[in-house]
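Remarks on the structure that follows.
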Amino acid sequence: MPDQVTPPPSMHWIVPFAASLSEPCQHALPRLADAKALPNLRRLLGQLQEVARIEGDEYALSMPHERVLAASMGWPDVDGQLPWAAWWAAQDGVKLTADAHWGLLSPGHWLMGRDHLTLLDPATLALSETESRALFEAVRDLFESDGWALIWGASQRWYASHPSLQGLPTASLDRVIGRNPDVWLTDHPQARTLRRLQSEVQMLLYQHPINDTREQAGLATVNSFWLSGCGPVPACTATPAHIQLVNALRAPMLADDMPAWLDAWAQVDNTVLKQALQAVDAGKAIALTLCGERHAVTLATAPAPGLGGRMWQSVKRLTSSRSGPDPVALLNSL
């Protein structure tokens, strides 16, 4: 009897920040144990099977969802060396020279606390294009005088090229937001240049007119940058058409806003996962990848059963509990 083969999915949803080891998230997760919480996810867990799992830890430079996306594009899985600068440049319509090594410069605010720094989410700065371009021009000479090439891509994304970026591992921006950036600066020999530039940019922007205006308006200033996603331009920078990244959980998780995170989960369940369940009920092959801080698990439609198997599944659907399996154990495993 030939082995059954799981059919390729017609749609694959990837959900980053499905869970976290953070204390606020660990306190919030039991709320999802309620039988009425996430009804569509519960039903999906009863009808899909685990087909893949990416293992890691919370200290890895790359996030699990980044590794899943990278695998879909055929990139080598090298921690901290996934070329997201090239991927984002393609989204921004920026042409990068293929024979150079590029990195993503994210202008941001390093919050000076009593004991340590904290990197704020650049998206929360609401940096306008005019502000971003002015700050970009302010630091351009500093970089270019050191042999770098800089390209403006978007308000939150600048692109930088330099020979020192070859083989340089960097932590994902999503890994560092809300944490001390100093901890995530690698001890790679080529990172010394990066640390020096970060210090010089801090001094250069300290009294920039844009920052003076923002400070007077009660807004966070741009006082540094984070470099990530270094590498040469890969052969493929296009996410496969059947893959959809679901980013609704990202912002509340990075802000440790657990009421908003729980609301976002309910919204994802009522929209994305409802669509996924409808596809399963229509007999389509789908995949769902849930990603946490450490691991990612991919669930997919089971191989098509024979007549007896279909009859058994019909009986199972009719007799099973509507609430389905408790998703908290799965989310805790991420």
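The values are calculated or read from the model by the stated rules, or taken from the named source; none is laboratory data. A quick note: this is a predicted structure, and the numbers were derived from the prediction, not measured. Cβ coordinates were reconstructed from backbone atoms using ideal geometry, including for glycine residues, and neighbour counts include every protein chain displayed.
Here is a yes/no grid of residues against (1) assigned by TED's automatic domain parsing to the domain that holds A35; (2) part of a helix (DSSP H, G or I); (3) touching a Phe, Trp or Tyr at 6+ places or on another chain (Cβ under 8 Å):
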{"position": "A220", "(1), (2), (3)": "no, no, no"}
{"position": "L227", "(1), (2), (3)": "no, no, no"}
{"position": "Q244", "(1), (2), (3)": "yes, no, yes"}
{"position": "A251", "(1), (2), (3)": "yes, yes, no"}
{"position": "L262", "(1), (2), (3)": "yes, yes, no"}
{"position": "D269", "(1), (2), (3)": "yes, yes, no"}
{"position": "V280", "(1), (2), (3)": "yes, yes, no"}
{"position": "G283", "(1), (2), (3)": "yes, no, no"}
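Conditions (1) within 19 Å of T289 (Cβ to Cβ); (2) of a type in the set (D, E, K, R), marked per residue:
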position	(1), (2)
I14	yes, no
F17	yes, no
E23	no, yes
Q26	no, no
R31	no, yes
L38	yes, no
R42	yes, yes
G46	yes, no
E50	yes, yes
For the range 212-228, which residues satisfy the criterion of being touching a residue at least 60 places away in the same chain (Cβ under 8 Å) and of a type outside the set (D, E, K, R)? L219, A220, T221, V222, N223, S224, F225, W226, L227, S228
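So, L111, is that one within 23 Å of the chain's Cα centre (by Cα) and assigned to a loop (DSSP other than H, G, I, E, B) or not? Full working, then the answer.
Working: within 23 Å of the chain's Cα centre (by Cα): yes; assigned to a loop (DSSP other than H, G, I, E, B): no.
Judged against the criteria, L111 is not a match.
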Checked the range 184-208 for anything farther than 18 Å from Q81 by Cα, without any contact (Cβ under 8 Å) to a residue 12 or more places away in the chain and not basic (K, R); matches are S199, M203, Q207
All-but-one check, L82 against (1) touching a residue at least 60 places away in the same chain (Cβ under 8 Å); (2) out of contact with any helix residue (DSSP H, G or I) (no Cβ under 8 Å at 6 or more places or on another chain); (3) within 30 Å of W152 (Cα to Cα); (4) surrounded by 15 or more Cβ atoms within 10 Å (Cβ to Cβ), failing number (2)
Please pick out the residue among A19, A37, A70, A86 that is at pLDDT below 95 and either under 17 Å from the mean Cα position of the chain (by Cα) or in a loop (DSSP other than H, G, I, E, B) (or both). A37
Could you grab the pairs with beta carbons closer than 8 Å, sequence gap of 6+ or different chains, first residue in the range 89-106 and at negative phi, second one surrounded by fewer than 18 Cβ atoms within 10 Å (Cβ to Cβ) and in a helix (DSSP H, G or I)? H101/P163
Looking only at the range 174-183, and only at residues there that are among the aliphatic types (A, V, I, L, M) and part of a helix (DSSP H, G or I), the one that is farthest from A86 (Cα to Cα): V183
Identify all residues within the range 30-45 that are closer than 11 Å to D326 by Cβ and either aliphatic (A, V, I, L, M) or surrounded by 13 or more Cβ atoms within 10 Å (Cβ to Cβ) (or both); write none if there are none. L32, A33, A35, A37, L38, L41, R42, L45
Taking L21, is it more than 27 Å from Q278 (Cα to Cα), assigned by TED's automatic domain parsing to the domain that holds V297 and not hydroxyl-bearing (S, T, Y)? yes
Test for I177: is it crowded, with 16+ Cβ neighbours inside 10 Å, more than 30 Å from A248 (Cα to Cα) and among the β-branched types (V, I, T): no
Checking C236 against (1) in a loop (DSSP other than H, G, I, E, B); (2) closer than 30 Å to A134 by Cβ; (3) over 15 Å from the mean Cα position of the chain (by Cα), which single condition isn't satisfied? (2)
Among A171, A160, which is in contact with a helix residue (DSSP H, G or I) (Cβ under 7 Å, 6 or more places away or on another chain), modelled with pLDDT of 95 or more and not in a loop (DSSP other than H, G, I, E, B)? A160
